[in-house]
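J.: Can you read through this structure? Questions will come right after.
The values are calculated or read from the model by the stated rules, or taken from the named source; none is laboratory data. The model shown is predicted, which means the values in this text are computed figures rather than measured ones. Ideal geometry is used to build each Cβ from the backbone, glycine not excepted, and the neighbour counts take in all protein chains shown.
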Amino acid sequence: MAAIGTLHTDIDLGANSLVDLALAQLSREILGGSLVPGDRLVEEQLTKRYGISRGPLREALRLLGQQGLVEHLPRRGVRVATLSEQDFDELYGLREVLERYAVSVALPMGSTGDLKPLRRALQVMRDASTEGDALELADAHQAFHRSLVGLAQHRQLALAYEPVLLKLQLYMAANMRREAEQAHGWVDGIRRHEALLSAAGSDDPRVLVAALDAHGGRSFLPGEPSLTSRRADADRSDVR
């Protein structure tokens, strides 16, 4: 999905609509990897790109800060959030715990009957992979894992899972960029999610837990720069 470009200023959009639009676009660019951890988010550049004033943009950046996707630095402006290796390790640990808890609740209760959201998300992933649409793939990836946890029909679990998923997407986006450069592109990632979907239809929680273990995600792909070097490079970069 391309950047939205300049809005038609003759359309009377309310301030809230402009905030929502800026929030949605920035989220997609960050979570899809168009903007990487450490990229500076320069207000003047973004207001020109989106055709909005500073007020709605600043509110969108404030909301993204609450989600942990951007960082407001004293006297240095705003940048896409950076996470340490310890942050990633802790977040993946949380994701593993939450997903396994969801499985332990869903499967014994027979909640796996409706796998349509998982199937839809997986099909979007396939289509996005074929079309080379990294942003759409990132959206579908989140939708798949959100739907997996949603099998538990546990509202508080879903609320706890959401911020973990969003923050991890900063790392997932980097991995997806690397996957796109590999010989098989995103095919391997699609296959891992196909295995998860197949396991989700099982009556045995152990099958899905094993599929989650095989799904992996903790380690960087071969050739991926270290987090430390990426952060150093990112600190010198500006928004593209």
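J.: For the range 41-60, which positions are surrounded by fewer than 19 Cβ atoms within 10 Å (Cβ to Cβ) and among the aliphatic types (A, V, I, L, M)?
T.: Selection gives Val42 alone.
J.: Counting only residues that are assigned to a loop (DSSP other than H, G, I, E, B) and among the charged types (D, E, K, R), which one in the range 61-76 is surrounded by the most Cβ atoms within 10 Å (Cβ to Cβ)?
T.: Residue satisfying both the conditions and the ranking: Arg76.
J.: Name the residues in the range 45-70 that are within 21 Å of Gln142 (Cβ to Cβ) and either free of Cβ contacts under 8 Å to residues at least 60 places away in the same chain or of a type outside the set (S, T, N, Q) (or both), would you? Even if it seems obvious, please write down each step before you answer.
T.: Looking only at the range 45-70, we keep the residues that are within 21 Å of Gln142 (Cβ to Cβ), and these are 60-61, 63-70.
Across the range 45-70, the qualifying residues are Ala60, Leu61, Leu63, Leu64, Gly65, Gln66, Gly68, Leu69, Val70.
J.: Would the range 35-44 turn up any residue that is farther than 20 Å from Ala143 by Cα, part of a helix (DSSP H, G or I) and not assigned by TED's automatic domain parsing to the domain that holds Leu148?
T.: So far as the range 35-44 goes, yes, one or more of its residues are farther than 20 Å from Ala143 by Cα, part of a helix (DSSP H, G or I) and not assigned by TED's automatic domain parsing to the domain that holds Leu148.
J.: Continuing with the same structure: Can you confirm whether the range 84-99 contains a residue that is out of contact with any Leu (no Cβ under 8 Å at 6 or more places or on another chain), among the hydroxyl-bearing types (Ser, Thr, Tyr) and assigned by TED's automatic domain parsing to the domain that holds Leu137?
T.: Scanning the range 84-99 turns up no residue that is out of contact with any Leu (no Cβ under 8 Å at 6 or more places or on another chain), among the hydroxyl-bearing types (Ser, Thr, Tyr) and assigned by TED's automatic domain parsing to the domain that holds Leu137.
J.: Go through the range 191-221 and give me each residue that's charged (D, E, K, R), within 21 Å of the chain's Cα centre (by Cα) and either modelled with pLDDT of 80 or more or under 17 Å from Leu118 (Cβ atoms) (or both).
T.: Taking the range 191-221 as the starting set, the residues that turn out to be charged (D, E, K, R) are 191-192, 194, 203-204, 206, 213, 218.
Narrowing the set further to residues that are within 21 Å of the chain's Cα centre (by Cα) leaves 191-192, 194, 213, 218.
Answer for the range 191-221, where residues must be charged (D, E, K, R), within 21 Å of the chain's Cα centre (by Cα) and either modelled with pLDDT of 80 or more or under 17 Å from Leu118 (Cβ atoms) (or both): Arg191, Arg192, Glu194, Asp213.
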